[in-house]
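The values are calculated or read from the model by the stated rules, or taken from the named source; none is laboratory data. Keep in mind that this is a model prediction, so the values were computed, not measured. Here Cβ is always computed from backbone atoms with ideal geometry, including for glycine, and neighbour counts include all displayed protein chains.
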C-alpha cells in the first residue's frame, strides 16, 4: 500500500541501540521504516539474507534446524514473524459475483487508482482493512463490514 504507515509512533517503533529518527510522535511511513531497518542492520552488521525461502524447520537435540533455498541454519531459538495472511484468499462465493464487481485482496492494494469510481465496501476491520478505509475515505464513500465493533486508536494525521 503506497500510503502505508506503522500503527505505532516512532517513540515505540525503534529497536534496541538505535532510536527511530524524526518526530517521535509521528507514525513513520513504509519507506521510512524500510530505511530505518536497513540502517539498523548496517549499524550492527546483521547478516540479513533477502530472497530466502525457508522450506523446513525441525528441532533435534535442543537445536532448531532451518533449511532454506540456499543453505541450512542451526540455532537455539527461532522466531516465526511472517504475519498471519501473507497470501490473499477471496471467499468461495466471490467467483459468483458479476464481472463488473471489482475484487481486490488487501495484500494487492497499493492506492485508490486501482479501484473503479464509486462507493467501496471493505470486508474486514483488521489493520489492513482499517488503513485502506482511511486511505479511501477522502475520495469516496466507504463501507466497512466487520464481525464485531472495531477499536480505532484516535490520532491526528500521521501523529499520535
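Filter region 68-115 for residues that are farther than 30 Å from residue 5 by Cβ, outside the structural domain of residue 140 (by TED's automatic domain parsing) and in a loop (DSSP other than H, G, I, E, B) and give the result.
69, 70, 71, 76, 77
Can you tell me which residues in region 128-160 are under 21 Å from the mean Cα position of the chain (by Cα), at pLDDT below 80 and on the phi < 0 side of the Ramachandran plot?
150, 151, 152, 153, 154, 155, 156, 157, 159, 160
Could you list all residues from region 70-90 that are closer than 25 Å to residue 126 by Cα and either surrounded by 10 or more Cβ atoms within 10 Å (Cβ to Cβ) or at pLDDT 85 or above (or both)?
Filtering region 70-90 for residues closer than 25 Å to residue 126 by Cα gives 79-90.
Result: 85, 88, 90.
Considering only residues that are at pLDDT below 90 and assigned to a loop (DSSP other than H, G, I, E, B), look in region 1-21 and name the one that is surrounded by the most Cβ atoms within 10 Å (Cβ to Cβ).
This residue is 9.
Could you please find all residues in region 22-67 being touching a helix residue (DSSP H, G or I) at 6+ places or on another chain (Cβ under 9 Å) and not in a loop (DSSP other than H, G, I, E, B)? Explain how you work it out, then say what you get.
If we filter region 22-67 for residues that are touching a helix residue (DSSP H, G or I) at 6+ places or on another chain (Cβ under 9 Å), which is where we start, we get 22-28, 32-33, 36, 46-48.
Within region 22-67, 26, 32, 33, 36 meet the criteria.
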